Amino acid sequence: MTETPTTPMTETPPADPLLALDRVEIGLAADPQVRAVDGLDLRVAPGEAVALVGESGSGKSVTAYAALGLLAPALRASGTLRLGASSYDLGDPGALRPLRGGEISMIFQDPGTSLNPVMTVGRQLEDVLRRHGGPPRRERWRRVVDLLAEVGVAAPDRVARAYPFELSGGMRQRVLIAMALSCEPRLLIADEPTTALDTTVQAQIMDLLMTLVRDRGMAMLFISHDLGLVAGSCRRMYVMYAGRVVESGPVADVLRRPRHPYTKALVGCRPTADRRLARLPSIPGTVPPIGSMPSGCRFAPRCPIAVEQCRTADPELRAVGGNVSVACLRASEEES
Amino acid sequence: MTATSPVLRAANLSRSFRVRGTGQEVRALRGVDLTVPAGSAVGLVGESGSGKSTFARIVAGLLQPSSGELELMGTGVAGLPERRRRRLAAPIQMIFQNPRASLNPRLPVHRCVAEPLLAQGVRPARQEVLGLLDRVGLPARVADLHAHELSGGQCQRVAIARAVAGRPALIVADEPVSALDVSVQALVLNLLKDIQEESGTSFLFISHDLGVVRFFCDEVNVLYLGQIVERGDAESVFADPRHPYTEALASAVPDVSDVPDGSGADRSRRIVLNGEPPRPEQPPPGCAFHTRCHRRIGPICDETAPELLPTATGLTRCHLRA
């Protein structure tokens, strides 16, 4: 039994970020006006764990894929990615290739489909090491076993020789984390890394990720729809709705005192083990399809406090104090 | 059926599966006793491999138990001819986890909803089907669409409309909201609660999510490796879990209130278990949970299987409390 560590990190948007995404737009290659992501800016400092939160279709996963140059051919990105001192054009996926696996690594939601089913996991880890100029051949297996031990695999020798189907979901996710760490990335993108896992296993994997972030000074972009997980792991967060960031800031401030009506609704509608309600607060309506975004604020059709102006004027993300930014015309009025 | 008989009563229910090729046997359910009184919502909580879906499938008649008794509406199903069994199970409906996969992709929504009635030889009027759709908050135009044209939340509403179409006595809901976005989860849970309160339908509610179970259920049963390890009313199981597994499970549910307030003490309540969940084909000897237990008291845990015994508020299967 161990306790989940707290991560000491900055709560202000970093002045000198490790990762900076600027003016990211992702649209259909055939029709760039149809956008899944529309003007996103995001910063991650070295050693910082940052959450990107949203529901299906908000654009959070597609943003991560664009940062790695892994977008489906039907989609096209524009904008820039800065990593340390280097700048890259997101519209040129080939340019991002050298970053992948080395500087930036990613783990995915379903550990079952991210591994090759007909190779032992040890062989797959060896492949990654060889590809990225790891240790010489005779030392490679040793390194594989060490990597598995570092991610908390109790019998690394045995697991290295196992095929993915012989491992549990939690064990497979550990293997993928070991793979992602094998080249000592500066940034780990974790896309819903625990969604496919059981609750107690989820706690183990989150514990592992937070330990790695703390001990290695690795930055993490944590993509999730689960505000509870974010609360327990990250210090800053971005909330996305329909392809835009609607609120960003320190996790403690955003979750304790959400200013955007969408964030408010998300925080309120989760049933929790700590309170019992007769009915859950809910958000009427559905997320607009990306082809037919409403004019003005994209949340206005579902918003309980929308006024006429919300349906015509498109709110900018603006600072409202305490390092929190909100894209809502009514945020400050509602607050006071 | 008398007024007092429970809609569902399982006694010492077991089910084993043979693993092909290996000769090994997986005991998915090991002597489960569970009762759903008329009008109540009973929760079944557990992780993968705990046997919760096996139990649901037995109740729905999709699987036969290996041993033990099952009574529906006060009548035992053992030895009943298939036809009688089907008639007995007619007041039981299921809602599955994946709403899209549980609807026939080739049928329009109105046919999907009418299906349980047609199976009972009743052809509902279109107006009645539209009424059912309206009850679950879907507009009439949805009636002529197909599953692929609907969102996940809408599909689950169709599945709920189908489940309530025949005025069931019991709805078995197997992870009905876990495939949905949180904001949609809230809407679907509220809808199920409305149905339960308005029509007095009983629910067997299966989930891995304690928050959801607490919102919905009167009584909670916690399943670990095919056995019930704790039972009690929803309030006391969460406020004061008696089994170490329940305790770990309850503490592992991520919560927005986990956000640090700077005191540094806020995260201490979380229990992270050691080790892997055991494989159901090789359950550990003694207490099935002892390999991961943070409150193991000694050799007794490794050697002797604890009984399910009463506590002040419910039942627990742990040497520590007995």
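The values are calculated or read from the model by the stated rules, or taken from the named source; none is laboratory data. Only a predicted model underlies this, so the values are computations on that prediction, with no experimental measurement involved. Note that we place each Cβ from the backbone using ideal geometry, even for glycine, and neighbour counts take in every protein chain shown. Remember, those area values only see protein heavy atoms, side chains included, never the ligands or the DNA or RNA. Shrake-Rupley method; radii C 1.70, N 1.55, O 1.52, S 1.80 Å.
Which distance in Å, rounded to a whole number, links the C-alpha centroids of the range A:85-153 and the range B:152-170?
45 Å
Could you calculate the contour length gain from B:ARG84 to B:PHE17, that is, 0.36 nm times the residue separation minus the distance between their Cα atoms, to one decimal place in nm?
The span from B:ARG84 to B:PHE17 would gain 21.5 nm if fully extended.
Could you give each residue of the range A:103-109 its phi-based ³J(HN,Hα) in whole Hz, using Karplus coefficients 6.51, -1.76, 1.60 with θ = phi - 60°, and x for Gly or Pro?
Couplings: 6, 10, 10, 9, 10, 10, 5 Hz.
Label B:THR304 and A:SER86 with points 7 Å out from Cα along Cα→Cβ: what is the distance between them in nm?
Inter-label distance under the simple model: 6.5 nm.
Which percentage, to the nearest 5, of the DSSP beta bridges contained in the protein assembly as shown is antiparallel?
Given both bridge residues lie in the protein assembly as shown, the antiparallel proportion sits at roughly 60 percent.
Per-residue HN-Hα couplings for the range A:280-288, Karplus 6.51 cos²θ - 1.76 cosθ + 1.60 at θ = phi - 60°, whole Hz, x for Gly and Pro?
Here the 3J(HN,Hα) series is 8, x, 9, 10, x, x, 10, 4, x Hz.
Measure off 7 Å from each Cα along the Cα-to-Cβ vector at A:ARG311 and A:THR211, then give the distance between these two points in nanometres to one decimal.
5.5 nm
Under a point spin-label approximation (7 Å from Cα along Cα-to-Cβ), what is the A:GLU139-B:SER236 distance to one decimal in nm?
Here the answer is 6.2 nm between the modelled labels.
Using the 2.2 N^0.38 Å rule of thumb for compact globular proteins, work out how the range A:199-288 stacks up: its C-alpha Rg over that value, please.
Rounded to two decimals, the normalised Rg is 1.21.
Across the range B:36-51, in residue order, what do the Karplus-derived ³J(HN,Hα) couplings come to in whole Hz, using 6.51 cos²θ - 1.76 cosθ + 1.60 with θ = phi - 60° and x for Gly and Pro?
The phi angles translate into 10, x, 4, x, 10, 10, 10, x, 10, 10, x, 9, 4, x, 7, x Hz.
I need the calculated FRET efficiency for the pair A:ALA74 and A:ARG131, taking r as the beta carbon distance and R₀ as 22 Å, to the nearest 0.05.
0.20
Could you list which residues have their amide H under 5 Å from that of A:ALA36, counting only those 5 or more apart in sequence or on another chain, with H placed in the peptide plane?
A:ILE26, A:GLY27, A:LEU28
At 222 nm, what value in deg cm²/dmol follows for chain A if DSSP H runs of at least 4 each add -39500 (n - 2.57) and the sum is divided by all its residues, to the nearest 500?
Counting only the DSSP helices, I get -8500 deg cm²/dmol.
Can you list residues whose amide H is under 5 Å from B:GLY43's amide H, if they're 5+ apart or on another chain and H is modeled 1.01 Å from N?
Long-range HN contacts for B:GLY43: B:PHE205, B:ASP218, B:GLU219, B:VAL220, B:ASN221.
Amide H to amide H, which residues 5 or more places from B:LEU150 or on other chains are under 5 Å from it, using H placed in the peptide plane?
For B:LEU150, no residues qualify.
List the trypsin sites (Lys or Arg not before Pro) within the range B:98-184 that DSSP assigns to loop and that have no more than 10 neighbouring Cβ atoms inside 10 Å.
Passing sites in the range B:98-184 are B:ARG106.
How long are the semi-axes of the equivalent ellipsoid of the range A:19-234, taking √(5λ) for every eigenvalue λ of the Cα gyration tensor, in whole Å from largest down?
Sorted largest first and rounded, they come to 29, 19, 16 Å.
Rounded to the nearest percent, how much of the accessible area of the range A:259-335 (1.4 Å probe, protein heavy atoms only) is carbon and sulfur?
Here carbon and sulfur together make up 54 percent of the probe-accessible area.
Checking a compactness column here: for the range B:1-129, what do you get for Rg(Cα) / (2.2 N^0.38 Å), N being the number of residues?
1.21
Take every DSSP beta bridge whose two residues both sit in chain A, then give the antiparallel share in percent to the nearest 5.
60 percent
Find which of A:MET237, A:ILE305, B:LEU309 sits farthest along the positive direction of the dipole of the protein assembly as shown, computed with +1 on the beta-carbon of Lys and Arg, -1 on that of Asp and Glu, about the Cα centre.
B:LEU309
Any idea of the accessible area per residue across the protein assembly as shown, 1.4 Å probe, to the nearest Å²?
Using a 1.4 Å probe on heavy atoms only, each residue of the protein assembly as shown averages 42 Å².
Treating the Cα atoms of the protein assembly as shown as identical point scatterers in vacuum, please give the log10 of the normalised Debye intensity I(q)/I(0) at q = 0.10 Å⁻¹, two decimals.
Debye curve over Cα of the protein assembly as shown, log10 I(q)/I(0) at q = 0.10 Å⁻¹: -1.03.
What's the buried accessible area, both sides, between B and A using a 1.4 Å probe, rounded to 100 Å²?
Buried area between the two chains comes out at roughly 4500 Å².
What are the lysines whose alpha-carbon lies under 19 Å from the alpha-carbon of A:LYS60, with same-chain residues fewer than 8 places away excluded?
Qualifying lysines at Cα under 19 Å: A:LYS264.
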